[in-house]
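Here the structure comes first, spelled out in structure tokens, and everything after it is commentary.
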Amino acid sequence: MIYFYLKKNGCSHEDAEDIVQESYTKFIAYSSGVPSDKALSYIFTISMNEFKKLLRKRGKEQSISIDDNQFWINFANDQDTELSVLTNEMNHEIALVLDLIQEIFKQLLLLKYELELSYKEIALLLGMKEETVRTYLFRARKEFQKKWRELHE
């Protein structure tokens, strides 16, 4: 799950694997002070910190991965090219709006709608109460809608 989340945030396959492995290694080394019910959120936090460290090291900003090859795959499969182009433009606009909102809101929206996790799974992953996740997701959706409207006005 952490691997796929990293991939959705623009991390390469190799880097995502390395980060997950490093996170589990750190967890094993320092797990004595972590309650068992917080283990997954601890590993997730380590992974996010490792990813941010990697981005700083490379001088890149975090961005959503949009697959440019999808256009060529659709084109080769004789699917509607106009629809493919519009989909790519929509993905680009969504990525722009996500970059404008708070990091926690961005994470929650990706976990809920891209990885299709339940509130309970997100709460477990982030070490939050389920009601807190619901509240933050509500705020995240409102913030996304506000920024989306601003982009299209």
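At a glance:
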read-out	value
Arg141 accessible area, assembled protein chains, probe 1.4 Å, Å²	70 Å²
Accessible surface ranking that places the most exposed of Leu117, Leu124 first, with a 1.4 angstrom probe	Leu124, Leu117
With all protein chains modelled, accessible area of Asp99 [1.4 Å, Å²]	80 Å²
Order of exposure, largest accessible area first, which applies to His13, His92 with probe 1.4 Å	His92, His13
Residue-wise HN-Hα coupling along the stretch 101-109, computed from phi with Karplus coefficients 6.51, -1.76, 1.60 (Hz; x: Gly, Pro)	9, 4, 4, 5, 5, 4, 4, 4, 4
If the convex hull is drawn through the Cα atoms of the stretch 96-153, its volume per residue in Å³	66 Å³
Förster radius 22 Å - calculated FRET efficiency between Ile28 and Met1 (Cβ-Cβ, nearest 0.05)	0.75
Rounded to whole Hz, the Karplus (6.51, -1.76, 1.60) HN-Hα couplings of the stretch 7-22, x for glycine and proline	4, 5, 8, x, 7, 6, 4, 5, 5, 4, 4, 4, 5, 4, 5, 4
Surface accessible to a 1.4 Å probe, Ser12 within the full protein complex, Å²	50 Å²
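The values are calculated or read from the model by the stated rules, or taken from the named source; none is laboratory data. What you see is a predicted model, and the numbers here were worked out from it, not measured in a lab. Glycine gets a Cβ as well: all are built from the backbone with ideal geometry, and neighbour counts include every protein chain shown. Heavy atoms of the whole protein, side chains included, go into the accessibility calculation; ligands, DNA and RNA do not. Shrake-Rupley method; radii C 1.70, N 1.55, O 1.52, S 1.80 Å.
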